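Following: one structure in C-alpha cells, then a few remarks.
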Amino acid sequence: MRGRSPAQTYALLFGITLVGAGIVGFFYSADFGDPGHVDGVLGILDVNGWHNVVHIATGLIGLAVAGSYANARLYAIGLGVVYVAIAIAGFIAGDGHTLLSIVPVNTEDNLLHLLIGIAGLGAGLGTPAVPAPTTTAPPEAA
C-alpha cells in the first residue's frame, strides 16, 4: 500500500470488506421485507437484503474512489460521519430493532458501525486536504 494516503488505504480495505460482507450477508438473508427475514451472519450481525445492499453500495463507492487522493479523503470522512450516525441511531433504537423500519441492527452491528466510522474519520482527517509535494533529488554532478 506504499504511496497511498490513509484515506485511500481505508477506501480500498473497507471497500473490499463491505462488498464482501454484503455478498456474504445474502447467504444468510436476502429478504427485502420490512424488515422481513432477519438472520445473523455467523450468528452475530443481523442482516437482511437492505442491510446487505447498503454494505455493497458503500463498499463499491470506496473501491471506486480508492485511486483518487481527494475523493478517498471525502469518502473516508463522509462514510465516517454516516457510520457514526448510524451507530448512534442503532444504539438509540436498541438491540434487535430496525433503522428506517427496514434495516435490522443489534448491539454488535452498532459497535461495528461505530468502529468503521471512527476508522473513517481517523483516516480522512489523517490525510491532509492537499497532498504533500513530491520531491525529487537533483541529478548528481558527474
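Just so you know, all these numbers are worked out from the coordinates, no wet-lab data involved. Model, not experiment: these values are computed from the prediction. Don't worry about glycine lacking a Cβ; one is built from the backbone with ideal geometry, like all the others, and counts go over all protein chains shown.
Structural remarks
- Distance between the 7 Å Cα→Cβ label points at Ala64 and Leu13: 2.4 nm.
- Applying 0.36 nm per residue to the separation of Ala132 and Leu100 and subtracting their alpha-carbon distance, the gain on full extension is 7.4 nm.
- Over all pairs of different C-alpha atoms in the chain, the reciprocal of the mean inverse distance, the Kirkwood hydrodynamic radius, equals 16.0 Å.
- Each Lys and Arg adds +1 at its Cβ and each Asp and Glu adds -1 at its Cβ; summed about the Cα centre, the chain shows a dipole of about 600 debye.
- Counting only DSSP H runs of at least 4 residues, each contributing -39500 (n - 2.57), and dividing by the residue count of the chain, the helix-based mean residue ellipticity at 222 nm comes to -20500 deg cm²/dmol.
- Net charge contributed by nearby residues that have their C-beta within less than 11 Å of His97 (K/R +1, D/E -1): -3
- Computed E for Ile92/His37 - FRET, C-beta separation, R0 41 angstrom, nearest 0.05: 0.95
- Summing charges over neighbours of Asp31, with a neighbour being any other residue whose Cβ is under 13 Å away from its Cβ, gives -3 when K and R count +1 and D and E count -1.
- Segments 45-54, 94-103 sorted - mean Cβ within 10 Å per residue, highest first: 45-54, 94-103
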